[in-house]
Every structure is written in structure tokens, then in C-alpha cells.
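The values are calculated or read from the model by the stated rules, or taken from the named source; none is laboratory data. Computed from a predicted model, the values in this text were never measured in an experiment. Note that we place each Cβ from the backbone using ideal geometry, even for glycine, and neighbour counts take in every protein chain shown.
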Amino acid sequence: MKNRRIIIKCKCGNELYLKLIGGQYQYSYRENCACGRDWLLEDLSEDCDEDEDSER
Ligand SMILES: [Zn+2]
């Protein structure tokens, strides 16, 4: 099982440490920023990439 953290930079400028959701979402990481943006990231490769931004 992977247990690494993914760090992304929110559009508001905060750095977020995405946490593994687990369960059926073994490779999905999620965190809510203080600005209200909800980040969800799927770990598809070795690189971390931010491509999910459905919240306004
Ligand atoms: Zn933010």
C-alpha cells in the first residue's frame, strides 16, 4: 500500500498536503483548502499532477 503525501499549491497560494482517501479510492487523495476549494487528485503515475478542479 502506498502511503505518501502529495503536495499541491492551491490557486489561493496555500500549499496543501493531500491525504489518501483509502477504501475503494486507494489511489485518490483529497484535501480541502481554507479558501473553500476542494481538491481531489488521482494518483495515476509517479508524477503528481493537478487536473481535478470541479469546485468553484
Ligand atoms: Zn486555497
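Some notes on this structure:
- Annotation: of all residues in segment 22-41 being touching a residue at least 24 places away in the same chain (Cβ under 8 Å) and part of a loop (DSSP other than H, G, I, E, B), the one that is surrounded by the most Cβ atoms within 10 Å (Cβ to Cβ) is Arg37.
- Comparison of Lys11, Lys19 shows that the only residue that is assigned to a loop (DSSP other than H, G, I, E, B) and either touching a strand residue (DSSP E or B) at 6+ places or on another chain (Cβ under 7 Å) or at pLDDT 90 or above (or both) is Lys11.
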